[in-house]
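The values are calculated or read from the model by the stated rules, or taken from the named source; none is laboratory data. Because the structure is a prediction, the values reported are computed rather than measured. So basically every Cβ, Gly included, is an ideal-geometry build from the backbone, and we count neighbours across all protein chains shown. When the accessible area is computed, the model is the full protein with side chains, heavy atoms only, and any ligands, DNA or RNA have been set aside. Shrake-Rupley method; radii C 1.70, N 1.55, O 1.52, S 1.80 Å.
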Amino acid sequence: MPVRLEHITLAERVELGCTCLLYAGQYGLVTDLAAGLGTSRQFLYRLRARARTALAAALAPGASGRAGLDTRLLVDDAAVTRAILVLSQVARASVRGIQECLRDMLGVERSVGAIEAVLQEAAARARALAVRPPGPVRAEADEIFAAGRPVLGVVDRHSGAVLALTPAESRDETTWGCTLLDLLAQGTTLAGLTAAGAEGLRAGARAAGLPEPALDHWHTLRDLDRTRQLLEHQAYRALDVADRSTRAAAAEAYRQQHGHRPRRGRPLKATADPASVAAAARAAGVAVQRADDTACVLAGVREALRPLDPQTGQIRPPPAVAADLQTAAALLRGVGGRAADAAALLERRGAALVASLTGLQAALAVSRAVLDEPTVAFLAWAWQHRAALGLADAAAAWPAQPAAARWVWAALDAAGRTTGMAENLNSVLAPHRAAHKGLPTPVLAVFTVYRNHRVFSRGKRAGHSPLDLLGLPSPHWLDALGYRCAAAARPRAFPDVLSQTVNTLAA
C-alpha cells in the first residue's frame, strides 16, 4: 500500500520531478536523491513520469482562437430543487410528472417523497413571506372550488398581487371574517373591497368591521342574461310548436280535400284541430312578447349600471340608478313567467349594485370642491376616451387645474365594478387544480410567491411584477424563497483576463 510522504512538500516534489527529468541519464543522480530524502528510487521514477506527462499536457499546442465556453449543465442538489419548483409552478406539473421530467431531462432519479419534501419546505418558506402593501389597496375577493373545498382569495385590483389565498373547509361568515382579519393583522389596509354575491363573504366583511363590499356587476349581469336566454329559448320553442301545428293543420285539410296526405315529408306529430292551432299561436305570441320585453328591460338595466354616460361623461347619481333598478324590477314582475326571477334578483341586489357608484361620488367630492360639474363631466368623458385621444395624464385634458383633474381620474380608476383580477386568478389556478385534482396548501403557498414576483409579459402591466407595482422589492421568486436562481449561476461570457491576441504569424 502506498504511503504519503508528508516530509516532502509540493514545491519540493515539483523541483524533484523537474530535476529528474532535466538530468535524466546522469549516473547516480536518482540513487543520491533517494538516499538524501530517505525514500525509494521508484518514488522518484514515478515522480519523473508524472512531471513529463504534466509538462507535455501543459505545453501541447492548443486550438486557435479564444477558449470555448463550458456549456455543460451542472446538476447538483440546488439545481434539482430549482427544477422541481419551476416544473411545479411554471409547467403546472404533478408530483409524478415532475419525477418523470427529472428522469428524462436531467437524468436524475428522485422519489415521490423527496419531491414532496422539497415542495413542503418551499411552502414553509413561502408562508413566511407575507405581502405588506405600503398604502391602502382596493381589493377583490372571490371563491374558487377545488375537490369540493373552497379556496378564499383576495387580490389587489391595481397590481394583481395575491394578498390572501387560503383553502378552507367552508365559506361562511366565520371563515371569511377570520381570513380578512388575518389580512388586516399582516398590515394590509383595505380602502375598498369588491366581491361577488357570496353571502358568507359579505357577512364576513361586516363581522371583520369592514364596510359593505361593493357588489360585482358582472356576475349579476350574467345571471340576468341567463334569464333572458332562457326566455328566448322558450320563445323559439313556442314558435316551433306553433309552426308545426299550422303545417299539421294544412296537411290535414289537404287530406280531407284530396283523400290522402301530401306526398312530401313525414307526417307531423302535432295537434291539427283549429283550437289547438290557435292556442299554440297565442302561446308563441306571449312567449315572444315576454322575451322581447325582458330583453328590453335588461338592456336598460345594463345601461343604468354604467357609471358614466358614454356621450356626455355625466356621472350617474346613485339615487337615480337605484330608482331605475326598482322600476326595472317592477316591469319584470309585470312581464311574468321566468322574468320574475330576474326581478327578485334585482330587488335582492339592488342596494349593493349601487354601492360602487356611491363610493365613486364620495371619491369625487374633493374634486367637486374645486371644479364645477361640467368640468368634472368633461374630465370623465376624456377618461373614457383617453386611448383614442392619446391622453396619458389628466393634466393634459385640463391644464388649468392639473391636481384636481388627476383626482378625478384617480377616483374613476379606483371605482371597481367587477372582480376581473380575482377571476383571472381563478383561471390561472385551473391547470393546478386539474394536475393535482385539487389545490393543496403547499402548491397554493408557493404559487402566491411565484405570482407576486412574476413579471407580466404583456398588457398595460408589461415589464412589472405585482410587487413592483405595489412599490415593494421584487427579486426573482426563487431568490425570494431562498433558492439561488439558475440565471445567477451562469458562467461569464468571457474570462476576466484575455489571452494574447497577436501571434508571431500575424506579426
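Here are the numbers:
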{"item": "Count - residues of the stretch 49-68 that are under 25 Å from VAL30 (Cα atoms) and basic (Lys, Arg)", "result": "2"}
{"item": "Residue satisfying all of: in the stretch 100-113; within 15 Å of VAL75 (Cβ to Cβ) and assigned to a helix (DSSP H, G or I); least open to solvent (accessible area, probe 1.4 Å) among these", "result": "LEU102"}
{"item": "Residue within the stretch 338-346 that is of a type in the set (Asp, Glu) and open to solvent by 70 Å² or more (accessible area, probe 1.4 Å) present", "result": "yes"}
{"item": "Residue among ALA445, ALA487 that is under 25 Å from THR81 (Cα atoms), open to solvent by less than 70 Å² (accessible area, probe 1.4 Å), at pLDDT below 90 and not in a loop (DSSP other than H, G, I, E, B)", "result": "ALA487"}
{"item": "Condition broken by VAL86, with the remaining ones in (1) β-branched (Val, Ile, Thr); (2) open to solvent by less than 40 Å² (accessible area, probe 1.4 Å); (3) closer than 20 Å to ALA445 by Cα satisfied", "result": "(2)"}
{"item": "Qualifying residue in the stretch 143-154 (condition: surrounded by fewer than 18 Cβ atoms within 10 Å (Cβ to Cβ), among the charged types (D, E, K, R) and either under 21 Å from ALA214 (Cα atoms) or touching a helix residue (DSSP H, G or I) at 6+ places or on another chain (Cβ under 6 Å) (or both))", "result": "no"}
{"item": "Residue in the stretch 269-279 that is open to solvent by 50 Å² or more (accessible area, probe 1.4 Å), modelled with pLDDT of 80 or more and either assigned to a helix (DSSP H, G or I) or not acidic (Asp, Glu) (or both) present", "result": "yes"}
{"item": "Test: residue in the stretch 412-419 that is farther than 30 Å from LEU215 by Cα and in contact with a helix residue (DSSP H, G or I) (Cβ under 8 Å, 6 or more places away or on another chain)", "result": "no"}
{"item": "Residues of the stretch 371-400 satisfying the condition of being surrounded by fewer than 17 Cβ atoms within 10 Å (Cβ to Cβ) and either more than 18 Å from GLN314 (Cβ to Cβ) or among the aliphatic types (A, V, I, L, M) (or both)", "result": "ALA387, ALA388, LEU389, GLY390, LEU391, ALA392, ASP393, ALA395, ALA396, PRO399, ALA400"}
{"item": "Residue in the stretch 411-421 that is over 24 Å from ASN452 (Cα atoms) and buried (at least 16 other Cβ atoms within 10 Å of the Cβ) present", "result": "yes"}
{"item": "Filter pass, ARG306 being under 34 Å from the mean Cα position of the chain (by Cα) and crowded, with 18+ Cβ neighbours inside 10 Å", "result": "no"}
{"item": "Which numbered condition GLY200 fails, given (1) open to solvent by 60 Å² or more (accessible area, probe 1.4 Å); (2) within 30 Å of LEU129 (Cβ to Cβ); (3) assigned to a helix (DSSP H, G or I)", "result": "(1)"}
{"item": "Test for ARG92: is it open to solvent by 60 Å² or more (accessible area, probe 1.4 Å), outside any helix (DSSP H, G or I) and under 23 Å from GLY187 (Cβ atoms)", "result": "no"}
{"item": "Matching entry among ALA351, ALA344 (being assigned to a helix (DSSP H, G or I) and under 23 Å from ALA415 (Cβ atoms))", "result": "ALA351"}
{"item": "In the stretch 119-154, the residues that are assigned to a loop (DSSP other than H, G, I, E, B) and in contact with a strand residue (DSSP E or B) (Cβ under 8 Å, 6 or more places away or on another chain)", "result": "VAL131, PRO133, PRO136"}
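Conditions tested, residue by residue: (1) among the aliphatic types (A, V, I, L, M); (2) more than 22 Å from SER88 (Cβ to Cβ).
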position	(1), (2)
ARG125	no, no
GLY135	no, yes
VAL162	yes, no
GLU173	no, yes
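For (1) free of Cβ contacts under 8 Å to residues at least 24 places away in the same chain; (2) not small (Gly, Ala, Ser), each residue gets a yes or a no:
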position: PRO61; (1), (2): yes, yes
position: GLY65; (1), (2): yes, no
position: THR71; (1), (2): yes, yes
position: ARG92; (1), (2): no, yes
position: ARG103; (1), (2): yes, yes
position: ARG110; (1), (2): no, yes
position: ILE115; (1), (2): no, yes
position: LEU119; (1), (2): no, yes
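Per-residue answers, yes or no, for (1) at pLDDT 90 or above; (2) touching a Gly at 6+ places or on another chain (Cβ under 6 Å); (3) β-branched (Val, Ile, Thr):
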{"site": "GLY259", "(1), (2), (3)": "no, no, no"}
{"site": "PRO262", "(1), (2), (3)": "no, no, no"}
{"site": "ALA284", "(1), (2), (3)": "yes, no, no"}
{"site": "GLN289", "(1), (2), (3)": "yes, no, no"}
{"site": "THR312", "(1), (2), (3)": "no, no, yes"}
{"site": "ALA339", "(1), (2), (3)": "yes, no, no"}
{"site": "ALA344", "(1), (2), (3)": "yes, no, no"}
